[in-house]
Amino acid sequence: MAHSVGSDMEELVKAKVDEELANISSNIEGRESRSSSNKTAKEVAAVILPSLANIISVAVSTAVTTALKDFTDKMESRANEMQRYCLLNKYENDKLEQYSRRDNLRISGLVEDEDESEEVLEAKIIELADNIGVKLKPDEISVTHRLGKPREGGRPVIVRFCHRKKKNEIMSNKKKLRQAKEGVHK
C-alpha cells in the first residue's frame, strides 16, 4: 500500500514540476520577446522563484506524506503483532489455569453452618468421602472453601487435593452420592 501511495505521489510531483517548468519557460519567452536587452537577473529570478517554491512545496509535502504513511503502516503492523502476542499469552495463561484446577473438585449440596470455619468444612469433606468408601486424611486436602455469597441451601465447595489420585478416587465413587443431596463435580 505504501509503495502505491509513494508512486502516486511521485507521479504527482513530476506532473507539478513539468507544469511549473512549462510556466517558467513561457514567462521567460514572453519577457525575451518584449526586450531581450533589458533582462536582468532580478527579472529572471522573479519569474523562476515562485515556480521553484511551488515545486519545493509539492516535493516536501509528498515526502512527508509518504514518510507518515510508512510510519503509520509500521505502527499498525506492530500493533497487530502485539495484539496477536497478547492473545497467545491469554490462551497460554488459560491453559495453565485449567491445568492447575485439575486437582480441584466442586461439591454442591453440603449444608452450610453459620460461621463455618475451614477446619469444620474440611471435616465435612472427610466425612462425605468416608460415606462413599474413600479414606481421606486431612493432610491430603490442600484447601477447601465455599464459593459466592451465603445463600439458602448452602454454597458449593471447592476442594483442592494434594494428590490427584484421591480426587479421582472420589470421582469414581460419586455415584454413591446420588441418594443424597450432595453432588461432586469436576
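Relative to the current alpha-carbon distance between Ala45 and Asp139, full extension at 0.36 nm per residue lengthens the span by 24.1 nm. Sorting the segments 113-122, 88-97, 50-59 by their mean number of nearby beta carbons within 10 angstrom, highest to lowest, gives 50-59, 113-122, 88-97. Gyration tensor analysis over the Cα atoms of the stretch 90-186 returns equivalent ellipsoid semi-axes of 21, 17, 13 Å (largest first, whole Å). The modelled label-to-label distance for the pair Glu10/Arg155, using points 7 Å beyond Cα in the direction of Cβ, is 6.8 nm. Over all other residues within a Cβ to Cβ distance under 12 Å of Tyr91, the charged ones net out to 0, with Lys and Arg as +1 and Asp and Glu as -1. If R0 is taken as 25 Å, the Cβ-Cβ distance between Asp113 and Asn168 corresponds to a FRET efficiency of 0.30.
Consider a paramagnetic label point 7 Å from the Cα of Val120 along Cα→Cβ; state which residues of the stretch 141-181 have an amide N under 15 Å from it. Only 145-146, 150-151, 153-155 fall inside the zone, counting backbone N under 15 Å. In this structure, Glu127 and Tyr99 have a Cβ-Cβ separation that, at R0 = 22 Å, corresponds to a calculated FRET efficiency of about 0.15. Within the straight-line cut-off of under 14 Å between alpha carbons, the aspartates and glutamates reachable from Lys149 are Glu112, Asp113, Glu114, Asp115, Glu116, sequence neighbours fewer than 8 places apart in one chain being disregarded.
Every number here is computed from the coordinates shown, using simple stated rules; none is lab data. The shown structure was predicted, so the numbers you read here are calculated from the model rather than taken from an experiment. Note that we place each Cβ from the backbone using ideal geometry, even for glycine, and neighbour counts take in every protein chain shown.
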